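Reviewing the structure listed below.
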Amino acid sequence: DFGRSSELAFVVEPSDDIAVQEQPLILYCQVEGIQPITITWRKNGAMIVDSENAFMLANGSLYVSRFQRVRGDGSSDEGEYDCMAQNHYGLVVSRKAKIQAATMSDFHIHPQNAVVEEGGVARFQCQIHGLPEPVILWHKNSMPVNTDNERYTLLPKGVLQITGLRAEDSGIFHCVATNIANVKFSREARLTVSGSHSTVYKDPMILVGPENLTLTVHQTAVLECIATGNPRPIVSWSRLDGRPIGVEGIQVLGTGNLMISDLTVQHSGIYVCAANKPGTRVRRTAQGSLVVQAPAEFVQHPQSISRPVGTTAIFTCVAQGEPPPQITWLRNGQILETSDHIKLKNNNSTLSIYGINQTDEAIYQCLAENSAGSTQASARLTVLWADGLPSPPQGVRAETVSATTIQVSWEKPLQNTKEIIGYVLHIRKAADPIEMEYQEAVSKSTFQQLVTDLEPSTSYSFYIKAYTSRGASKASEVTVVSTLGEVPAMPSLFIKVINSTAVQATWEPSIKLGQHEGFKLYYRKVHLSQYTGPVLLASNVTAYNITHLDASVVYEVKLLAYNQHGDGDSTVRFVSLRETVERTVLNPPCDCMKDEQNNKTSTTGIIIGIHIGVTCIIFCILFLMFGYRGRLLMCKNVQEQLSTPQIPRSQRNTAGLVLNGAARRDRDDRDLNGKQLDMNELERLFPASLSQEQQDKGIMSAHSPSAPHDDTQISTLPLDEFSIIEEQPDPLPKPPRGGSPPALAPDHGPANEG
């Protein structure tokens, strides 16, 4: 570690200045550090060569003999100057000093004649631009205005306010502007005070409110507010955000002007001037914003460091200011270019240099700059290299073992191997930045390492360093190899029945699938060996509708994901459409238009039913009062009168017979005659259901809506799907005397499905 005096650093830096035409100018620059030190100057980034007009003094300062804003050749001495200092360890650059010529323009606002009644308020203003800011004084009748008179208020921006006017205030006024460049006089204006003080009531009125100001810390802000009215209004100030203005550095000029001395960033805000009529809530307001800027300054300076070859060097530079400063890094006076091993992070506040070597040894500077000013700080990087360190490991090889594993092997260094205490394997994805690198330590007797938990189809870079107690060797040659690819994982699959001839296959996107190019979908009838497909689907597709299916058979649906390495494992589901067909026969699809038209009829029927029930209850209660027998007869008569007509039971039973008996037997006969299923395949898929079906002779499945069902992996399959024993039609039982034939199917009410 080196002491502060050994570091190359600035003791005095050039500062911003305003130069006078044809006058000499000196820019100071003083440096400390290990000699010899060479100092040079630049203007606007170009080197300054010593000449008769500008040359460097023995102490390193720059002397300009006759400053000129514009020379005969069109050049100018105005600009940004900086000095550079260099020794054996590096080079540093000072902050930029902005040099401007002193100037003064003509007045662009002159005072105007005014006629004001006695007791009123008079205001004169003159305005002029110049560098540095001109000082403006007022004269009355060619004599300086008496500033001891409390009724006269002079504001820094060239405003003269006179309150409580009297006859002796009449006269001729003008202003005088002065700076190092010139002295100028404004035009004259006459003030006439007329009449006597008026007692007529006048509402408060703000003649001039505060302007928007942008200033720098430590300057003084004057917010003007002048109001009139009768009675004389009371002027008060507040902040729009409700924060207190405070008292330190705050002063009221005249009758209502606010002056804030030694500005800080906390003084920024919107200020409100209010003119209140005494004793009332009558008020007028005006507002203006104050922006206080702060030049950049360092909160944390970069520190000089020493690091062994192959390690990482980190410099931190934190600056603050208003507006927030921009940070730039220099290396030996030149803009630092980032690369794979040089990175800037945290809005350039952190400089990281990975795997340092002798070429990285330099002086690094942090420049912080905003619109209010700039500053710089420097630090030196010393790269340590000990004699007798091992040479780089030799023969580094990497071989792919699997999609997630690579084996790296190497040979011991050629020189200085006795003090080796181990090796470090450096690993990172080839596409990642160097800061994403990670390491694995290996014992000194091991010359290979199995690297696991890698990503498939990804390139990785590897290099080795040998370590001793005194430091590390240089890095070995870098080798790059890719892991093997792997096929995608098995996707999840769900089957949804849409109607009697279509199903929808859906699956979920998942990162567990890995890298995949798309999906392949197959489907077939279970008793056939050949699949329909593949249907190729993009990787972003998650559903597919399979249509034109046969409702009388079971289908197998298969889905798999694929990529350039092949097909992944498939997911298989079985589905039957028979149950959907039966629901459609028993419950025909609704005619939505007709249902919509019958909504009113349904509502009316409900209301009539309610009235019938209420009426019956009332009558029954009345009948309790006249005896059980009479009550029973009356309820029977009322029910016969109010009941809606019913379909004869014989017609219902006959309809049920046709619907559930003959129709289903005819369909089963057609299925049996049209195709024969493989008994072995059915026994494999549905062993329990088939034995039960043989026991029941297929009769229950044909006549009972509650026949047992068997399940595949997902979809339910009604057992009557496979009634393979031919049914013998049962003889219709003879109806009992005087009765209707018995119903062979249950009397189903209207279905609410679909």
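Would the range 146-216 count as rounded, prolate or oblate if I go by the C-alpha gyration tensor, calling it rounded below 1.5 in a/c and otherwise prolate when a/b exceeds b/c, oblate otherwise? Taking the square roots of the gyration eigenvalues as a ≥ b ≥ c, the range 146-216 is oblate. Considering every alpha-carbon pair of the range 199-320, the percent of pairs per 10 Å bin, from zero through the bin containing the longest distance, is 12, 33, 21, 12, 9, 7, 4, 2, 0. In this structure, the residue pairs whose Cα-Cα separation is over 24 Å, taken from Lys345/Lys429; Lys343/Lys412; Lys418/Lys474; Lys43/Lys184; Lys98/Lys343, are Lys343/Lys412; Lys43/Lys184; Lys98/Lys343. Here's how it looks for Gly518: its modeled amide H is under 5 Å from those of Tyr562, which are all 5 or more places away or on a different chain. What the Cβ-Cβ distance of Val70 and Ser15 gives, at R0 = 25 Å and to the nearest 0.05, is a FRET efficiency of 0.60. Principal axis extents of the C-alpha atoms in the range 8-151 (largest first, rounded to whole Å): 78, 36, 22.
How would you classify the range 339-431 from its alpha-carbon gyration tensor, with a ≥ b ≥ c the square roots of the eigenvalues: rounded for a/c under 1.5, else prolate if a/b is greater than b/c, otherwise oblate? Judged from the Cα gyration tensor, the range 339-431 comes out oblate (a/c at least 1.5, b/c at or above a/b).
Stokes-Einstein diffusion for the range 494-577, with the hydrodynamic radius set to the Kirkwood value over Cα pairs and evaluated at 25 °C in a medium of 0.890 mPa s, equals 185 µm²/s.
A viscosity of 0.692 mPa s and a temperature of 37 °C, combined with the Kirkwood radius over Cα pairs in Stokes-Einstein, give a translational diffusion coefficient for the range 99-212 of 215 µm²/s.
On a per residue basis, the range 494-577 carries 50 Å² of accessible surface, using protein heavy atoms and a 1.4 Å probe.
If you take the alpha carbon atoms of the range 246-397 and fit the smallest convex hull around them, that volume is 165 Å³ per residue. Measuring nothing but protein heavy atoms, the accessible surface of the range 494-577 at 1.4 Å probe radius is 48 percent carbon and sulfur.
Across the range 419-466, the fraction of Cα-Cα pairs farther apart than 18 Å, rounded to a whole number, is 33%.
Under a 5 Å amide H cut-off, with hydrogens placed 1.01 Å from N, Thr468 pairs with Ile421, Ser473 among residues at least 5 apart or on other chains. Each residue of the range 76-89 in order: what ³J(HN,Hα) in whole Hz does its phi give by Karplus 6.51 cos²θ - 1.76 cosθ + 1.60, θ = phi - 60°, with x for Gly and Pro? Karplus values, whole Hz, x for Gly and Pro: 9, 7, 6, x, 9, 10, 9, 10, 10, 10, 9, 9, 5, 8.
Taking only protein heavy atoms and a 1.4 Å probe, the accessible area of the range 351-484 is 48% carbon and sulfur. Listed values for the range 279-289 are Karplus-derived 3J(HN,Hα) couplings in whole Hz (6.51 cos²θ - 1.76 cosθ + 1.60, θ = phi - 60°), namely x, 9, 9, 6, 8, 10, 10, 8, 9, x, 9, and x replaces Gly and Pro.
Shape class for the range 104-286, computed from the alpha carbon gyration tensor (a ≥ b ≥ c): oblate, with a/c not under 1.5 and a/b at or below b/c.
Can you compute the FRET efficiency between His301 and His527 using 1/(1 + (r/R0)^6), with r the Cβ-Cβ distance and R0 = 60 Å? Round to the nearest 0.05. Here the calculated transfer efficiency is 0.10.
Counting other C-beta atoms within 10 Å, and keeping those with at most 14, which DSSP coil GluC sites (Glu not before Pro) do you find in the range 13-96? Answer in residue order: Glu22, Glu52. The alpha carbon centroids of the range 478-500 and the range 435-457 are separated by 28 Å.
Relative to the current alpha-carbon distance between Leu207 and Met436, full extension at 0.36 nm per residue lengthens the span by 75.9 nm. If R0 equals 51 Å, the separation of the Cβ atoms of Gln100 and Thr311 corresponds to a calculated FRET efficiency of about 0.60. Rolling a 1.4 angstrom probe over the protein heavy atoms with all chains in place gives the range 104-286 an accessible area of 54 Å² per residue.
If you bin all the Cα-Cα distances of the range 321-382 at 10 Å, starting from zero, the percentages per bin are 21, 53, 21, 5. Computed from backbone phi, the HN-Hα couplings of the range 64-71 come to 10, 5, 9, 5, 9, 5, 9, 8 Hz, rounded to whole numbers (Karplus: 6.51 cos²θ - 1.76 cosθ + 1.60, θ = phi - 60°; Gly and Pro given as x). Note that the range 393-482, at 4 °C in a medium of 1.567 mPa s, gets a Stokes-Einstein diffusion coefficient of 97 µm²/s from its Kirkwood radius over C-alpha pairs.
The values are calculated or read from the model by the stated rules, or taken from the named source; none is laboratory data. Because the structure is predicted, anything quoted here is derived from the model rather than measured. Note: ideal-geometry Cβ built from the backbone for every residue, glycine included; neighbour counts use all protein chains shown. Just so you know, the surface numbers come from the protein's heavy atoms only, side chains and all, with ligands and any DNA or RNA stripped out. Shrake-Rupley method; radii C 1.70, N 1.55, O 1.52, S 1.80 Å.
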